[in-house]
1. Restricting to segment 15-53, give me the number of residues that are closer than 30 Å to residue 97 by Cβ, surrounded by fewer than 12 Cβ atoms within 10 Å (Cβ to Cβ) and modelled with pLDDT under 75.
2. Going by the structure shown, is residue 65 more than 13 Å from the chain's Cα centre (by Cα) and in contact (Cβ under 8 Å) with a residue 24 or more places away in the chain?
3. Quick one: would you say residue 83 is loosely packed, with under 14 Cβ neighbours inside 10 Å and either at positive phi or modelled with pLDDT of 90 or more (or both)?
4. Does residue 73 satisfy the condition of being out of contact with any helix residue (DSSP H, G or I) (no Cβ under 7 Å at 6 or more places or on another chain) and closer than 30 Å to residue 110 by Cα?
5. I need every pair where a residue in segment 95-113 that is free of Cβ contacts under 8 Å to residues at least 40 places away in the same chain has its Cβ under 8 Å from the Cβ of a residue that is in a helix (DSSP H, G or I), sequence separation at least 6 or different chains.
């Protein structure tokens, strides 16, 4: 019974902190206290996912090459390992490019929107 009370108190403190941080961020955004980069980050105008996708790309390439070498020198066969070393990074690149395209479209649309606003004024 006691642990439920502590768990409830933990949740209350956690959500109170989240609300406090949210209020501080909103107030600082309205008062222009933060610089533009942080404001863009907190309002989701600047995306961090493309950077994460690039990191995942290099992890995928390393995994494909290491997996290919392990396959080459184990019972999997030399040619299968060589094929994994050659084709693995290509498939990882294709997959990550498909993910990045959506963010490129988003950036292009944002530029078009900003140019349209300038022309309307």
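The values are calculated or read from the model by the stated rules, or taken from the named source; none is laboratory data. What you see is a predicted model, and the numbers here were worked out from it, not measured in a lab. We place every Cβ from the backbone using ideal geometry, glycine too, and count neighbours over all the protein chains shown.
1. 2
2. Yes; evaluated as a whole, the condition is true for this residue.
3. no
4. In short, no.
5. Listed pairs, sorted by first residue: 95/60.
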